[in-house]
Amino acid sequence: MSKNSLSYPKVCKRKDGKYHVDFKLNNKRYRLFSGRLIGSSLYPNSYPAKQRYSVTSTLAKQVYEFIVSNDYSLTKPLSSVDHYDSLIQDKLAEPLSSNYRKTLLYLSGLLRDQLIKKGSITASFLDSLPLRYNNNTSYNTSRRHVNVLANYLHSKDFPVELSKLKTRKQDEVLHSPINDVKEMLFKIKNFNENLYICCLLTYGCLLRPHQEIRLLKWKDFSDDLSHINLTGSKVKSKRNRIVPVPSYIREVLIKRDSNYNVFSNSIEPYNKGYFSLIWKRFKRLNPDVGASVTIYSFRHTGAIEIFKRTGSITKLQKAMGHSSINVSLTYLRALEVPELNEEDMPMI
């Protein structure tokens, strides 16, 4: 029997009285007791005994017509949308952060709608997504995410055109150090207690505010509040960290239920934009705070203080939780650290 060959399905009966369809397709024998494999709802053996032969004959005809119309295959080819959904599902099953997965899920939905509407995903459509942004940072971020999906689909032989958009030069945004930390913290304390504690921890413990600090639970602190223990899953570098807590921070902390979030006083933390929103409100009421001063400025200011006192890149790396010294060196170059003081200059 040659390839793409099919013997007409025969109706067969077993000794136990059950009927099935028997046939050979491309030199392989099949016995089907139902139409499930071809998407048919026929289940002959669910019928009364007298009707089973007739129903199985109908199933045999359906099987034959399905195989012939499906290019001599029992596997129905996926539609372009089904193929797309299968590939995107595989992509989203990769170990991705929740926010990154959420972004890809949103963009993949836009691509899917375009595929349904136009029948294809063109380069011009891919380009239209990042081109919606005038801000270069937003443009580059959107472009990168769109390309991740398009390149993945292309690598899996899905028919998709690739974008040829280039990255745009971004203006480097530096978080300016804070000249008078005490005065700034005083203003913040009078404005919002949670923001005050957040800024204290950002400055004194050099933790990242929007993730590491926002998600802190009381059980992350030692019993005497002298240390914070963070597992790798809670840290950007993915390495466990033990961070000392200065006494001036311990004085303002009031420990509660160990499973409670430090700021929400419940099991669930506030959303990711919580501190950003409060900071914007604070700056609106305090226009004298520079535009480049952010919550991260407290972390940068703390880093400068550590480097000034120790002069050690290694200690700075450990304090900042950087994965390597190279990261710390890159970070330090962006900080306003004076390399020479008047006392360092030649004297007469």
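The values are calculated or read from the model by the stated rules, or taken from the named source; none is laboratory data. Computed from a prediction, not measured in an experiment: that's the story for all the values here. Heads up, the Cβs are rebuilt from the backbone with ideal geometry, glycines too, and the neighbour counts pull from every protein chain shown.
Laid out as a table, the results:
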item	result
Residue match in the stretch 261-275 (condition: under 25 Å from residue 307 (Cα atoms), outside the structural domain of residue 98 (by TED's automatic domain parsing) and touching a residue at least 24 places away in the same chain (Cβ under 8 Å))	no
Subset tally (residues that are in contact with a Leu (Cβ under 9 Å, 6 or more places away or on another chain) and either touching a residue at least 24 places away in the same chain (Cβ under 8 Å) or surrounded by 15 or more Cβ atoms within 10 Å (Cβ to Cβ) (or both)) for the stretch 104-113	5
Unmet criterion (only one of (1) under 20 Å from residue 272 (Cβ atoms); (2) at pLDDT 85 or above; (3) not in a helix (DSSP H, G or I)) for residue 243	(1)
Any chance residue 142 is touching a Phe, Trp or Tyr at 6+ places or on another chain (Cβ under 8 Å), surrounded by 15 or more Cβ atoms within 10 Å (Cβ to Cβ), closer than 30 Å to residue 234 by Cβ and of a type in the set (Gly, Ala, Ser)	yes
Residue 76 being under 38 Å from the mean Cα position of the chain (by Cα), in contact (Cβ under 8 Å) with a residue 12 or more places away in the chain and buried (at least 17 other Cβ atoms within 10 Å of the Cβ)	no
Selection count, the stretch 3-33, where residues are part of a loop (DSSP other than H, G, I, E, B) and over 18 Å from residue 70 (Cβ atoms)	6
Candidate set from the stretch 193-217 (those that are surrounded by fewer than 21 Cβ atoms within 10 Å (Cβ to Cβ) and polar (S, T, N, Q)); member that is nearest to residue 299 (Cα to Cα)	211
Residue, farthest from residue 288 (Cα to Cα), within the stretch 142-198, restricted to residues that are in contact with an Asp or Glu (Cβ under 9 Å, 6 or more places away or on another chain) and part of a loop (DSSP other than H, G, I, E, B)	156
Criterion (surrounded by 14 or more Cβ atoms within 10 Å (Cβ to Cβ) and under 30 Å from residue 31 (Cα atoms)) met by exactly one of 64, 84	64
Of the criteria (1) free of Cβ contacts under 8 Å to residues at least 40 places away in the same chain; (2) under 30 Å from residue 159 (Cβ atoms); (3) surrounded by 10 or more Cβ atoms within 10 Å (Cβ to Cβ); (4) among the polar types (S, T, N, Q), which one residue 26 fails	(1)
Residues being at pLDDT below 90 and among the small types (Gly, Ala, Ser) - total across the stretch 246-275	0
Lone unmet requirement of (1) over 28 Å from residue 269 (Cα atoms); (2) charged (D, E, K, R); (3) surrounded by 13 or more Cβ atoms within 10 Å (Cβ to Cβ) for residue 180	(3)
Total residues in the stretch 64-82, condition out of contact with any Phe, Trp or Tyr (no Cβ under 7 Å at 6 or more places or on another chain) and in a helix (DSSP H, G or I)	8
